[in-house]
């Protein structure tokens, strides 16, 4: 008993000791004005990327590449050390921050303004498309030491000679990989080419695609690389799950998942604008708090949807990848991939929308059997093993919904002053019901539609079965080699790598010299290739590709 009583005290002392060992913002070298501002915001200890980046930017003028997932405090990592170095007596633009979207632009500007609360005469101006450019030019004319902007609008203001870059001392590329994936490479080249060579370039990104390495080599001077994890990997606090279904059952599986997690607050990612519209329309017709975000929306419509989503008036946002770039939304519980993306790096960004700022989240993928090989490549990219989960049964969904209802009844706040005048009539009306009957009636009123909908609901799961060989015909047998059967391997090369079936055949011949390896069909997607290969050489080809490269890219070959 004595030991049990002392344990909480011991645990408390342990926690206090651990907190003392954590790095503080004071230890990083920030000035009192900045420390006071971030203290009022409730920040006590820097995140890992801040702990490494802030001292470096304060002490060095060399360039920096910082790799970290979204939601890890990157704005503070580059903003806090630069804010205190800005010359506030000079109104010229000294810091330019480039980011992919309006939402992220406004988010960064807002955070920097809060950090700079006690720094007098410091002006921060956001510039982005879809807003009145005249007002933005007026803001720049008044002076702005820091400009946060999207590449297109920055180019426009440069061309109009309203934004001058000759005094830029710090250039930040935030979410650099997303800017490249959105097609801003040309704009980035133009802007980077016009800035002075002695500026400090700070590149912050979640992944490091090949195009970004080219930009770093061209415009950055011996950059230091800081990483709070491995390149191109998923966030540590995100669970990665997949549900194996038939393609025709995707929408029904999506509804099951939404019903099984009644408190879901998440984004459903679709491939196309039309699919986004269709899925959102179906969800709304079926009574879900959902809406769509896609490229056909005007800025006013987009703002309306996003404001509702941020206020949690919507539980589910159905979006395309492009529309969801740079969204400033915290506390997402789920990200659902209605379709797997072709590019594994896109998956990294999707899953990084949840599990932010130290919180946990779940990334779910709805896949069918033919997508299993693509899932393997994504697993290798994010460095995580995905867990296969069964699609909830109708009974499991009903149980979840029932317990949610009971919890809501138990925790509801009763305002007797509001309902007191109605109680005598209610008591009289329900007097014939005893306690158990009353509970049953109440639950049934709220719950009958779920019971009716999921009565005899089919099982949507698809079991993983061994691959069945196709029946050989004499004509096909004459074309087969050796034992007459092909195996299939998948390769992490696709159309985006500018590879062709002829190139793949040459690659196999190059790495298996002296062998006559018979090759069957070759299927190319955007990022992968599936190759039929003579079974007796399959393991030899897989071994040969272990240390092979194609145009500098390391090959990953797997049996399908």
Residue 425 paired with residue 59, simple spin-label distance in nm, labels 7 Å along Cα-to-beta-carbon: 7.5
Fraction of alpha-carbon pairs over 18 Å apart in the stretch 32-143 - percent: 54
Stokes-Einstein diffusion coefficient of the stretch 329-431, Kirkwood radius over Cα pairs, 20 °C, 1.002 mPa s, in µm²/s: 120
10 Å-binned pair-distance histogram of the stretch 190-304 (Cα, whole percent): 9, 27, 23, 24, 14, 3
Neighbour-count order for 511, 441, fewest beta carbons within 10 angstrom listed first: 441, 511
In Å, descending, principal axis extents of the Cα set of the stretch 99-203: 36, 28, 27
Two-site FRET efficiency, residue 445 against residue 117, from Cβ-Cβ distance with R₀ of 56 Å, rounded to 0.05: 0.60
Estimated [θ] at 222 nm from DSSP helical runs (n ≥ 4, -39500 (n - 2.57)) normalised by residues in the chain, nearest 500: -12500 deg cm²/dmol
Inter-label distance for residue 402 and residue 133, nm, one decimal - labels placed 7 Å from Cα along Cα-to-Cβ: 6.2
Proportion of all alpha-carbon pairs of the chain beyond 47 Å (%): 27
Distance-filtered residues of the stretch 117-132 - backbone nitrogen under 14 Å, label point 7 angstrom along residue 300 Cα→Cβ: 131-132
D_trans [Stokes-Einstein, Kirkwood Rh over alpha-carbon pairs] for the stretch 97-136, 37 °C, 0.692 mPa s, µm² s⁻¹: 296
For 137, 212, order by how many other beta-carbon atoms lie within 10 Å, fewest first: 137, 212
Computed over the stretch 237-288, the ratio Rg/Rh where both radii use C-alpha atoms and Rh is Kirkwood: 0.95
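Taken together, the values in this text are just the output of simple stated rules run on the coordinates, not laboratory data. What you see is a predicted model; the values in this text were computed from it and never measured. Please note: Cβ atoms are built from the backbone with ideal geometry, for glycine as well, and neighbour counts cover all protein chains shown.
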